[in-house]
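Below is the structure I would like to discuss, written out as structure tokens.
The numbers here are math on the coordinates, done by the rules we state, and not lab data. Computed from a predicted structure; not experimentally measured. Cβ placement follows ideal geometry from the backbone for every residue including glycine, while neighbour counts extend to all protein chains displayed.
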Amino acid sequence: MAELKQDAMHPLKHEQCYLCIMTLVENPPARAPARADLRRPHKEYMAKLENEGRLFGAGLLKNDKENETADLGYGMFILRAETRAEAESIAFQEPNTKAGLRTMKVVPWLRGGGRYQHFDQLYQRQRNDRSAQLSTRQWLME
């Protein structure tokens, strides 16, 4: 997994990550499962990445309040990985992508700036909190 790096010229720590941007395939393979059948496996895969500490963030590229979508893609997740090969080997296992229902574009992102340390500490605390585990289970059931 990516390691936070810091030097005198760059006082904020940096971590190699990858943006994994997904788009929907208009004409999926004939033998592909239904999108609805992969909703739970997708959420379980994202939960697995989160539990491993690899997932920095994930979600749909939209704003429902303003009925706004993005030309960039359908959804994305930010993956902590040292190399493109590592990121691709993980990203292309996402169930919808693996089944041919989504395409996946992997873009390097050098994480740095902002108060990420605070975010990471909060994340670690939540992972150890039983109520956060219950929330994850509720999310998987949606």
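Once Rh for the range 5-113 is found with the Kirkwood sum over Cα pairs, what is the Stokes-Einstein diffusion coefficient at 20 °C and 1.002 mPa s, in µm²/s? Don't skip to the answer; put the middle values down first.
Details: Rh = 15.1 Å.
The Stokes-Einstein estimate is 142 µm²/s.
Let me check I've understood the local charge: for Ile78, count other residues with C-beta under 10 angstrom from its C-beta, Lys and Arg +1, Asp and Glu -1. What total comes out?
Values: positive: Arg54, Arg80, Arg111; negative: none.
Residues close to Ile78 contribute a combined charge of +3.
Between Ala70 and Ser89, what length in nm is gained on full extension when 0.36 nm per residue of separation is reduced by their alpha carbon distance? It would help to have the intermediate numbers written out before the result.
Details: separation 19, 0.36 × 19 = 6.84 nm, distance 2.57 nm.
Once the chain is fully extended between Ala70 and Ser89, it gains 4.3 nm.
Using the beta-carbon distance between Lys62 and Asn27 and R0 = 22 Å, what value does 1/(1 + (r/R0)^6) give for FRET efficiency, to the nearest 0.05?
0.45
Rg/Rh for the range 55-116 to two decimals, with Rh computed the Kirkwood way over all alpha-carbon pairs.
1.00
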